[in-house]
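Here the structure is laid out as structure tokens; the discussion comes afterwards.
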Amino acid sequence: MTTAFDTNGLPAQQAAPAARTKGSALTRQRRRAALIFLAPMVIVLALVAGWPLARTIYFSFTDATLYNLEYHEFIGFLNFYYLAIDPQWWRAVWNTVFFAVVSVLIETILGMVIALTLNAHMPGRGLLRAAMLIPWAIPTVVSAQMWGWMYHDLYGVINEIFLGVGLIDLPHAWIADPALSMYAVIAVDVWKTTPFMTLLILAALQLLPGEVYEAARVDGINPVKVFFKVTLPLIKPALMVAIIFRTLDALRIFDLMYVLTGNSRATASMSVYARQQLVDFQDVGYGSAASTFLFLIIAAFTVIYITVGKVNFDGQGGK
Amino acid sequence: MQAKRIAGRALFYLLVLCIIVYTVFPFYWAIVSSLKAGSALFQVEFWPANPAWDNYAGVFRGQPFARNILNSVVVSVAVVALSLFLAVTASYALGRVRFRGRGTLLMVVLGVSMFPQVAVLSGMFELIRWLGLYNNLMGLILSYMIFTLPFTVWVLTTFMRELPKELEEAAIVDGASPWVIITRVFLPLMGPALATTGLLAFIAAWNEFLFALTFTLSNDMRTVPVAIALITGTSQFELPWGNIMAASVIVTVPLLVLVMIFQRKIVSGLTAGAVKG
């Protein structure tokens with residue numbers, strides 16, 4: 001699931017306790033209490049995130065197997081070497097990047113169109129916004145199965161509709177055909193996550209000052225020009241946050257491909273590849289190497305996001 | 001001029017209609033398909049001529065689906081309760097007390113929310129097996145903390161920071177301890193924030209697939225997404241699409257009802273300050 005956070009003025013000083021002036025004993029007591037309150041959360045997070053991550057990175061340098069995790073030997077960078085010469089892995093990397101770029105691009109454009117439509121005044125707007133939440137709320141596994149049925153080569157409704165409209169001459173095997181399956185996967189992702197984009201863009205649009213548009217209308221400026229010169233620059237910060245969050249989410253995609261196309265090479269993402277090595281082939285060392293690689297890519301993205309976030313969204317200069 | 005305006009209006013509503021059909025049709029189609037029994041399933045008709053409930057009965061006959069639903073409910077509720085408890089206490093410290101390393105800690109929490117789940121898969125598998133929680137709902141509850149805790153902590157910290165400090169000062173003057181301040185002063189004010197983050201955590205836990213698939217083994221321990229992904233019929237050549245669609249409708253309808261009731265809160269939670277500028 002995606003959620004966008006506010007990195008705004010994070011380590012802000014305003015929240016400093018007023019109690020500071022009331023003597024250092026009180027401040028010390030508060031600090032001690034703060035540490036006690038923090039401890040459970042920090043311990044749980046260290047247990048379920050820090051430790052497993054460290055072990056995964058450790059395993060990537062060993063020949064551990066799933067049926068015998070305890071007895072393993074350190075083999076240095078051998079797993080990474082095998083990874084580097086495995087064309088299947090590079091196919092998975094390419095699949096993931098292609099999937100992320102294309103679906104986020106389409107989602108952004110489509111989300112923008114829908115948000116601009118919903119932003120117009122019309123009866124039943126609230127109902128429309130509620131309808132937008134349907135694809136977002138449906139579990140990914142369920143949407144994969146729903147679309148899998150719609151894509152069915154013999155009885156699928158998509159073939160039926162496309163044949164009826166004359167878009168295709170013959171029914172296609174959308175899932176089984178390696179040339180089509182990636183596009184089929186992207187179409188499901190676009191359907192499922194465009195609402196997230198739409199809602200973020202819509203929230204940004206509704207904060208825009210109305211006077212600017214009034215002035216532009218009085219001056220008779222072309223709406224398209226208004227969009228590119230006024231609207232887009234104003235919502236750019238919110239748009240960037242949405243795009244970065246969606247990209248991070250798309251890079252770690254697993255369930256959609258796994259349910260829709262199984263471990264098929266034509267669509268397998270890095271996550272699908274890593275899990276297949278880890279669980280199906282029981283090769284924990286090699287699978288962990290793939291996971292570690294994916295982690296590094298996402299970590300790089302995250303660092304960029306946090307840095308960019310600091311520069312762009314932190315008006316007060318952060319610290 | 002008048003005609004042009006009417007044409008523009010008509011085009012606009014056509015666009016709105018397209019958007020609605022695009023968003024709603026796949027789920028509508030799942031409902032229609034789930035109501036078609038036998039060979040009716042293999043004819044494309046946009047309204048079931050003879051709606052039948054066979055597929056719904058079939059879902060519960062083919063696998064322990066009621067048990068799977070119960071599992072999902074137990075896991076999701078426990079995840080929400082645990083992450084809200086941990087996040088409320090932590091957000092008091094992070095939002096209202098100044099100490100060294102606070103900014104760093106918040107950055108680490110944000111960083112964890114970006115973790116790809118597969119990056120911790122082997123380490124988590126080892127941990128869960130070591131704790132004896134393999135094929136156990138407790139293992140799922142624990143592992144789900146990795147994605148619910150960061151955003152609950154984050155959203156609640158933002159919320160906690162904006163509460164007026166006079167409230168806290170008055171309580172301190174009255175000699176209230178930090179625990180009393182959290183439970184008696186702040187908690188009653190946090191209803192909306194708790195509802196939003198709790199609901200988002202619930203949906204995230206309800207929909208999770210990778211951990212549930214990897215850390216459970218038997219049909220009895222599966223959660224709903226895994227059960228739906230692994231439904232197989234009597235024939236190994238053709239999936240029981242009618243049953244799959246019925247199962248999909250069963251697990252999605254309660255979720256949609258929740259979402260419709262709380263839609264305003266969800267929208268504000270999703271955008272959680274991303275657009276405040």
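The values are calculated or read from the model by the stated rules, or taken from the named source; none is laboratory data. Remember, predicted model here, so these are calculated numbers, not experimental data. Cβ placement follows ideal geometry from the backbone for every residue including glycine, while neighbour counts extend to all protein chains displayed. The accessibility values were calculated without ligands, DNA or RNA, using every heavy atom of the protein model including side chains. Shrake-Rupley method; radii C 1.70, N 1.55, O 1.52, S 1.80 Å.
Of note:
- The angle between the Cα long axis of helix B:241-261 and the longest principal axis of the Cα atoms of chain B comes to about 40 degrees, rounded to the nearest 10.
- 0 to 90° range, to nearest 10: angle between helix B:65-96 axis and chain B longest Cα axis: 30 degrees
- Charge sum, other residues only, whose C-beta stays under 14 Å from B:N135's C-beta, Lys/Arg counted +1 and Asp/Glu -1: +2
- Solvent-accessible heavy-atom area per residue, rounded to whole Å², over the protein assembly as shown at 1.4 Å: 44 Å²
- Value at 222 nm in deg cm²/dmol, rounded to 500, when DSSP H runs of n ≥ 4 in the protein assembly as shown each add -39,500 (n - 2.57): -22000 deg cm²/dmol
- Residues in segment B:212-230 that, when all protein chains are in place, have 20 Å² or more less accessible area than the chain alone would give (probe 1.4 Å): B:L213, B:T214, B:P225, B:I228, B:A229
- Loop sites by DSSP among the GluC sites (Glu not before Pro) of chain A, restricted to those with at most 12 other Cβ atoms within 10 angstrom, leave A:74-319 as the longest stretch without any of them.
- Projected over every direction and averaged, the convex hull enclosing the alpha-carbon atoms of segment A:94-282 yields 13.3 nm².
- Listed residue pairs exceeding 27 Å between alpha carbons, taken from A:K236/B:K4; A:K225/B:K4; A:K192/B:K4; B:K165/B:K265; A:K192/A:K229; A:K236/B:K165: A:K236/B:K4; A:K192/B:K4; A:K192/A:K229; A:K236/B:K165
- Chains B and A together bury some 9800 Å² of accessible area, summed over both sides, with a 1.4 Å probe.
- Working from the Cα coordinates of chain B, the gyration tensor eigenvalues give, after taking √(5λ), semi-axes of 41, 30, 16 Å in decreasing order.
- Cα-only Debye scattering, chain A: base-10 log of I(q)/I(0) at q = 0.07, 0.08, 0.15 Å⁻¹: -0.42, -0.54, -1.29
- Taking the accessible area of segment B:2-52, probe 1.4 Å, and keeping the other protein chains in place, the carbon and sulfur fraction comes to 73%.
- Descending semi-axes in Å of segment B:1-96, equivalent ellipsoid built from Cα gyration tensor: 41, 34, 6
- Long hydrophobic helices in chain A: the complete DSSP H runs spanning 24 Å or more by Cα along their own axis with mean Kyte-Doolittle hydropathy of at least 1.0 are A:87-119, A:178-205, A:232-251, A:284-313.
- The convex hull built on the alpha-carbon positions of the protein assembly as shown has an orientation-averaged projected area of 31.0 nm².
- Spatial extent of segment B:156-224: Rg and Dmax, with the Cα atoms as the point set, Å: 18.9, 57
- Folded to 0 to 90 degrees: helix B:102-113 orientation relative to chain B principal axis, Cα: 10 degrees
- Mean-position separation - Cα centroids, segment B:159-208 and segment A:46-91, in angstrom: 41 Å
- Within straight-line cross-link reach of B:K36, aspartates and glutamates at Cα separation under 12 Å, skipping those fewer than 8 residues along the same chain: B:E45, B:D54
- Equivalent ellipsoid semi-axes - Cα gyration tensor, segment B:2-52, angstrom: 35, 10, 7
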